[in-house]
Amino acid sequence: MKESTRMLVPEEEKCIGCRACTSACPEKLITFSEEGNMRSISFPANCGTGCELCELCELCALACPENAISFIFPEGESENVEKQTLDFELVSCQKCGTPFATIRELEKVRTAISEKVPLPPKGDFWVELCPGCRQEVFRERQAEALIRERTV
Amino acid sequence: MKEVMVRPERCMGCRSCEIACAVEHSESKDLFAAVMEKPTPQKRIYVEYVPEYNAAIPMTCRHCEEAPCTTVCPTKALKQDEITRVVTHNSDLCIGCWTCSMVCNYGVIGRQKEARVAVKCNLCPNRDIPACVEACPTNALVFIEVKKLAGVKRTEAALKLARGMQGKAL
Amino acid sequence: MPKAVYADLSRCIACHACELACERENENSRISLQVVRDLAAVPVSCRQCETPLCAVVCPGEALNYGDSGLEYDSEKCTGCRLCVLACPFGTAELRAGVMERCDLCQGKETPACVATCPAGALFCAEAESIGGNIRARRAERIKKALASPASAGRRVNR
Amino acid sequence: MEEKNPQPTICPYCSLGCGFYLKLEAGKAAGIRYMPEHPVNEGSLCPKGNTVLEVLNHPDRLKYPLKKTETGWERIEWEEALDLAAAKLKGSLEEYGPDSLAFLGSAKCSNEENYIFQKIARLLGTNNVDNCARLCHASTLTGLGKTLGTGAMTNPISDLACSECIFVIGSNFAENHPAVSRRVLEAKEKGAFVIVADPRMTPTSWLADLSLRLVPGTDVALLNGMMHVIVSEGLVDREFARERTKGFAELENVLQRYDPETVSRITGIPSAEIIKAARAYARAGTAAIVYSMGITQHISGTDNVTACADLALICGHIGKKGAGILPLRGQNNVQGACDMGALSEFFPGYGKVGDPEAAGRMQALWGAKKLPESPGLTATEIVGAAGKGKIKTLYVMGEDLVNSHPDSSRVKQALENLDFLVVQDIFMNDTAEYADLVLPAASFAEKEGSFTSTERRVQWLEPALMPPGEARADLEILFRLAEKLGLDFPYRDAGEVLEEISAAVPAYGGIAKERLKKDFGLIWPCPDAGHTGTPVLHTDSFMTPDGLARLVPVEHRSPAETPGPDYPFLLTTGRTVLHYNAGSMSRRCKSLLKREAELYVEIHPADARTMEIREGNKLVLESRRGSTKATARLTERVSPGVLFLPFHFPGTNVLTADALDREAKIPEFKVSACRIRRG
C-alpha cells in the first residue's frame, strides 16, 4: 500500500477533453474513446488512493492545459469512487462531416486566437474544418489561379 | 474603375513613385518627418531595374480579378472589394504566413519588419489620385480606366504619325 | 529573419520527390503534395508563420516565437493537440504523442525537399525576398515582350 | 574497395544518369547526400532516386545461388551453379546447335557486363542476344539510323535550356524523367515556346504553351501535317535542306496529302493548333524535339521516329546548341547496352551483323575463328521462338520479361517451354520464378563499371558497398561462366574490359576508366585519348556514308488493333512517377507503395458515368489476350474512349498485344483494344 492518500480529481467544468493526460500517463491509466459525436475520457476509480498502479507522478496534471486535474486528500473516509468518465460532444468538420474536436477545445482555440488576431465569431473560418480538410482547402485555393490559367 | 497603369517605355527609373508612396503611408505624410519615423514608412511600389535592357519598370499591385492573394489568405486579412476590385490588407488579422507573397504573380506584397505583417498597395484611399501616380514626372504611371488608356495611346500614336507625315512633307 | 519553404506552383510537376526526401530524412513526411483537379499540384508544409497561431494556443512552453522564428521544444510538448486545432493550414501533426513540425532540416544547408526538387519549384527563403525575385522575373519578361513584339517570328522565311 | 564516404554514385533508375552520394555507416548505405555539382540533375533527385536505400537494404535481395528442385528452391554453391549453367548451355549447343541458345542482356547492367555478355553469346555461335531496348527505343535506332546515321540523342539535356521552342511528342518527362523539367522550365523562363503532344493530359502538359491531345497512334499524321504547313508556308530551311539532306522532293510529294484539315480529322486536333505548332517550331531560332515511348512503342514506331527526324531536318533544327532530337531513353544503361552490341543485329559499335567487314573486325579483335553471320532473334522474337520450342536454353541477365513483354500469358508459356532458364538478378522477380537456376547479382552500388546515359554521357560507377550474402557483380559471374565454357578471357576487372571496348567501339575510342572518373565522364563520340567528347552530334555532317541526312517520307497507318464493338475502349499504357518499369525495385519500396499500391486504370468520368463506375471501383479489363483487375481512377487526364494503365504492376501486359513494328520489332504497347466491367 502506498503512503499517500491523495487521489486524482478531474474537474468537469474545466476539462476541455483534449486528451493530453491520456498520453502523459506513463501507466496508460487514463483512457479515451470516441463513438459517433461523443468523446469520453476515463479516469480509473480511485486513481491515486487505492489505485495499485498510479505512482502519483502527477504528469497528467502537469500536462493538462486547463489545470483541470488535481490530486487532493479525500474528505473523511476514503470513499470508493466509481470509474470517473467525462463525456464531450464533438464538432463535425463542416466539409467532410467527420467529428474531429470537442466543442470546448474549439472554443478554447477560438478564444486564444481571437486575443491575438481578431477573427469573426463564426462562419467561413478554418477552425470549423478538420486538419485534413484545412489542408485540402488551402491547397485548392492556392491552385485556383493556376488552374484558371491552365484551362484557358 | 480606374487603375494604376504603367507605361514602362516612359519610366526613367527616378523612383519618385517609391518615395511618394512611402511618404503617403507615413504618420506625418511629410518627407522630412517621415524619414525619422519609427517604424520606417514603407513603399508599396517597386521600381525594378532590368540590367539586360538597361531599363526600369515600376511594379505595383494589379488588384487582379479574383486576386490569388485574397483567395489563399486564411484569416481574410487580405480582402477584395467586390465592386472596385481594390485589394486591401488588414494588418491586425495578418499572421505572417506569406502564402500571399508566394502566389502573387507580380511580387508586390512586401513585409513590414517590426510588425512582421504584409504590406501592399491600397490605392491611397484618402486621395483622388494615388501618390505614386501624382509623383511620376514622365507620366509612366497613369491613373485611368483601362479602356481609356487605349484612347490615350491612340491619340499619342496619331500625333506621332502626324508629326512624321509633316516631317516628310517638309 | 526566419525562413520557410515556398513553392513556385507553376513549376511543380507533382513528382512527390519532396515527400520522399522528407520521409527518408525525418521518418515521416512533413510535406504533403497532392494534385488538384488534374491540373495543378500543390505541396503543403509548415508556413513558419510570423504570428504562429500554434504558438498562440500552446499552453506549455513548447512552441514559442523567438528571434530565429518559431521555436519548438518537443520535450515540453504535452500532446494536447491545441496547436493542431489552431493551425489554419492543417500542417501541424501529432506523432508518437508529441507535435511534429518542419524544422527546415535543421543543421543542413538546404532542406531535403528543396534540394531534391527536380523542377526547382521549391525554395527556402526569407519572406522578404520572395517578392523581389518574382518582381525581377516579371519585369524582365515585360521588357522582353516590349522589346520584341513578334516573339514567335525570329526567323525570316527563307 | 576505395574508401570514400559519402561515396559518389549514379542513380540506377532512368536514363538521365543523375548523380548523388551514398552515406555509408558500418558498411551499409545509411543515407543520401545530394550532388549539386552534377551537370545533369544539379543535386535534384526524383522520388525513386530518393528511395534507393530501400532497394539496397531490402531483405528480399537474392543472397545465394538457387536451383529449382521438385521441392522448391535449393541453395547451392557458386561452383555448382556455374557448372550447371555451363553444362546446360553446352548441352543445348551440342545437341541443337548454337541458335537453340538465347541471351537477354540488361540495360540495367554496365557497359562491360553487356559487352562480355554478348561476346559470350557470339563466341558460342549465336546472335540471339538482345536487350530490353527492343521494348522501348528499338525504333529510335532504326528511325534515326536511316535518317541521321545514328540512333542516339543529338544534344545533351542541358541544351534544352537554350532552345527557343521545345516540341515534346509522346513523352511525359515530368513523370518519367523529372529532372528534364528543370531544363524545360529554364528555357521557358527565357521565353521558349513549349508544345506538348500527348493523348493524355499529364504534368508535362502543364508546362506547355500549346497542348495537343491527339488520338493515340496518329503521330505520323500530326508530324506530316506540321511539315505540310511548314512547306506550304515557306518556312523550310532551304539552305539546310539543300546542302545537308537528300530526298526533299519525295518528302514534299507525300506531305501534299497531309493538309491541316485532313490531319485534324485523323488526329482530333483542331487544324488551327496544328498550324500554330508548325509555325512556332519552324520559326524558332533553335528548336528541339523531345520524344519518348509514346513515339516508339507503336507498329509504326520507326515511321514515327523517322517523321520526327524529317521535321527537324527540313527546319534545320539539328546540329546546333539547343536544336536537335532528344529521344529520352528508358533504363540507366540502355544506350550503353545498345552501344555494346547487346542487340541481335549489331556488333559492338553498331557494325551490322551480316556485314563481312564488321564481322571481320570483331573476329580479329576477339581472335575468333568465325562469328555467326545472320542476325539473331530479337527479344520479342526469342519469346516467340521459345514458345515454339526453337530456343532451348535462355540466359536472362537483370530483366523481368514476364512483366515487361506484351501478352504475359504467352511469355509464361514460352518460359515453361524452355529446357533450361537461367536468371541473374538482384531480386526474385516474376521471371525468375520460372527459372531453373537463379544467380544473385550485385546492385549498382556494389560494383564498378561504366554506364552510358541517354545523353551519351559515359560515367564511371565506383562500388560503395559489398553485395549481400554471396551475391556477386554480374561481370564477375560472367567471367567465371566464360571460364567454365572454355572461353579464354584475359581481363581481370571492368577497367580492362573497357580497354577492349575502346578498341571495339569507335565512339568509345578515347574512353578509359581513369578519364571517366573525372568531371562526370565523357560524352561519346570520343574517338581518341585526346578528344574531350562530343555533346552535340551532326554539327557539320551526318553519320551516313556521304555525310548527308536522308529525308524519308512516311505515311500514317492505323494501329494494329483498334477498338470495335467487342472491345470498345482504346487501351494505352505508360509510366507513373512513383514506380519504375516492371517494378522489381520500386514495388519493393514501402514509401513508394504507400503512395501507389496497386494497379489502377484511368477512365474518363463520362465513360464511367455511362457504365456506372465510381472512383475506387474494382474493374475487370479484358482484351483478346487476357484479363486483369484494376481499381478505377476517374480522371480527365484521358479522353473519352481511352483507358490508361501503368505498366509497373503485373497484369497490364496480360492485355497488351504483341504486334510488332516491321523494322524495329518493337511491340505496340501504346494501343490495344479492351473492354471493361465491374469486378
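The values are calculated or read from the model by the stated rules, or taken from the named source; none is laboratory data. In this text the structure is predicted, and so the values were computed from the model without any measurement. Note that we place each Cβ from the backbone using ideal geometry, even for glycine, and neighbour counts take in every protein chain shown.
Kindly check whether there is at least one residue in the range D:55-65 that is under 30 Å from D:ALA385 (Cα atoms) and either in contact with a strand residue (DSSP E or B) (Cβ under 9 Å, 6 or more places away or on another chain) or within 14 Å of chain C (Cβ to nearest Cβ) (or both). For the range D:55-65, residues under 30 Å from D:ALA385 (Cα atoms) and either in contact with a strand residue (DSSP E or B) (Cβ under 9 Å, 6 or more places away or on another chain) or within 14 Å of chain C (Cβ to nearest Cβ) (or both): present.
Counting only helices (runs of 4 or more DSSP H) that sit completely within the range B:1-109, those holding 1 or more residues that are crowded, with 20+ Cβ neighbours inside 10 Å and among the aliphatic types (A, V, I, L, M) correspond to B:16-24, B:68-72, B:99-103. The helices (runs of 4 or more DSSP H) found entirely in the range D:101-207 that carry 2 or more residues being within 14 Å of another protein chain (Cβ to nearest Cβ) and touching a residue at least 12 places away in the same chain (Cβ under 8 Å) are D:173-176, D:180-189, D:203-206. Could you tell me whether any residue of the range A:13-24 is at pLDDT 90 or above, under 26 Å from A:THR111 (Cα atoms), more than 14 Å from chain C (Cβ to nearest Cβ) and part of a loop (DSSP other than H, G, I, E, B)? Yes, because at least one residue in the range A:13-24 is at pLDDT 90 or above, under 26 Å from A:THR111 (Cα atoms), more than 14 Å from chain C (Cβ to nearest Cβ) and part of a loop (DSSP other than H, G, I, E, B).
The residue of the range B:106-139 that is nearest to B:HIS25 (Cα to Cα), among those that are within 14 Å of chain C (Cβ to nearest Cβ) and without any contact (Cβ under 8 Å) to a residue 24 or more places away in the chain, is B:ARG111.
Restricting the range C:100-136 to residues that are part of a loop (DSSP other than H, G, I, E, B) and acidic (Asp, Glu), the residue that is farthest from the other protein chains (Cβ to nearest Cβ) is C:ASP103. Any chance the range D:509-520 includes a residue that's surrounded by 15 or more Cβ atoms within 10 Å (Cβ to Cβ), touching a residue at least 40 places away in the same chain (Cβ under 8 Å) and outside any loop (DSSP other than H, G, I, E, B)? Yes.
Can you find a residue in the range D:229-246 that is touching a residue at least 40 places away in the same chain (Cβ under 8 Å), more than 12 Å from chain C (Cβ to nearest Cβ), out of contact with any Cys (no Cβ under 8 Å at 6 or more places or on another chain) and not basic (Lys, Arg)? The answer is yes, given that some residue of the range D:229-246 is touching a residue at least 40 places away in the same chain (Cβ under 8 Å), more than 12 Å from chain C (Cβ to nearest Cβ), out of contact with any Cys (no Cβ under 8 Å at 6 or more places or on another chain) and not basic (Lys, Arg). When we screen D:THR610, D:THR576 for residues that are touching a residue at least 12 places away in the same chain (Cβ under 8 Å) and outside the structural domain of D:THR431 (by TED's automatic domain parsing), the only hit is D:THR576.
Quickly run through the range D:179-210 and pick out the residues that are of a type in the set (Lys, Arg) and closer than 18 Å to D:ARG283 by Cα. Passing the criteria: D:LYS188, D:LYS190. Among the conditions (1) assigned to a loop (DSSP other than H, G, I, E, B); (2) at pLDDT 95 or above; (3) of a type outside the set (Ser, Thr, Tyr), the only one that D:LEU371 does not satisfy is (2).
Here the range C:68-92 is the region considered, the condition is being part of a loop (DSSP other than H, G, I, E, B) and under 20 Å from C:VAL5 (Cβ atoms), and the residue that is farthest from the other protein chains (Cβ to nearest Cβ) is C:SER68. What is the number of the single condition among (1) more than 14 Å from chain B (Cβ to nearest Cβ); (2) touching a residue at least 60 places away in the same chain (Cβ under 8 Å) that C:PRO43 does not meet? Only one criterion is unmet by C:PRO43, namely (1). Of all the criteria given as (1) in contact with a His (Cβ under 8 Å, 6 or more places away or on another chain); (2) under 29 Å from D:SER211 (Cα atoms); (3) of a type in the set (D, E, K, R), the one not satisfied by D:ARG587 is (2).
Annotation note: of D:VAL638, D:VAL577, the sole residue that is within 24 Å of D:HIS177 (Cβ to Cβ), touching a Phe, Trp or Tyr at 6+ places or on another chain (Cβ under 6 Å) and within 13 Å of another protein chain (Cβ to nearest Cβ) is D:VAL638.
So, C:VAL36, is that one out of contact with any Phe, Trp or Tyr (no Cβ under 7 Å at 6 or more places or on another chain) and facing another protein chain (nearest Cβ under 10 Å) or not? Against the criterion (out of contact with any Phe, Trp or Tyr (no Cβ under 7 Å at 6 or more places or on another chain) and facing another protein chain (nearest Cβ under 10 Å)), C:VAL36 qualifies.
Yes/no matrix, rows are residues, columns are (1) in contact with a Lys or Arg (Cβ under 8 Å, 6 or more places away or on another chain); (2) buried (at least 24 other Cβ atoms within 10 Å of the Cβ); (3) modelled with pLDDT of 95 or more; (4) among the β-branched types (Val, Ile, Thr):
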| site | (1), (2), (3), (4) |
| --- | --- |
| D:LEU235 | yes, no, yes, no |
| D:GLU243 | no, no, yes, no |
| D:VAL254 | no, no, yes, yes |
| D:ARG257 | no, no, yes, no |
| D:THR262 | no, no, yes, yes |
| D:GLU273 | no, no, yes, no |
| D:ARG279 | no, no, yes, no |
| D:VAL290 | no, yes, yes, yes |
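From D:ALA174, D:ALA133, D:ALA86, grab the single residue that is surrounded by fewer than 23 Cβ atoms within 10 Å (Cβ to Cβ) and among the aliphatic types (A, V, I, L, M).
From the options D:ALA174, D:ALA133, D:ALA86, the qualifying one is D:ALA86.
Listed by first and then second residue, the pairs with beta-carbon distance under 9 Å, at least 6 apart or on different chains, first residue in the range C:58-75 and in the same structural domain as C:ALA86 (by TED's automatic domain parsing), second among the aromatic types (Phe, Trp, Tyr), are C:ALA62/C:TYR72; C:LEU63/C:TYR72; C:ASN64/C:TYR72; C:GLU71/C:TYR65.
For every residue, the table says whether it meets (1) in contact with a Pro (Cβ under 8 Å, 6 or more places away or on another chain); (2) touching a residue at least 40 places away in the same chain (Cβ under 8 Å).
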residue: D:ASN429; (1), (2): no, yes
residue: D:LEU461; (1), (2): no, yes
residue: D:LEU487; (1), (2): no, yes
residue: D:GLU496; (1), (2): yes, no
residue: D:GLU500; (1), (2): no, yes
residue: D:ALA507; (1), (2): yes, yes
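Assess whether D:LEU148 counts as being in contact with an Asp or Glu (Cβ under 9 Å, 6 or more places away or on another chain) and either at pLDDT 95 or above or within 24 Å of D:PRO47 (Cα to Cα) (or both). So D:LEU148 fails the test.
All conditions in (1) at pLDDT 95 or above; (2) touching a helix residue (DSSP H, G or I) at 6+ places or on another chain (Cβ under 7 Å); (3) of a type in the set (S, T, N, Q) hold for B:THR70, with the sole exception of (2).
Those residues that are outside any loop (DSSP other than H, G, I, E, B) and under 15 Å from D:SER106 (Cα atoms), I need them from the range D:383-402; list them, please. Even if it seems obvious, please write down each step before you answer.
Of the residues in the range D:383-402, the ones outside any loop (DSSP other than H, G, I, E, B) are D:383-387, D:393-397, D:401-402.
Within the range D:383-402, D:LEU394, D:TYR395, D:VAL396, D:MET397, D:LEU401, D:VAL402 meet the criteria.
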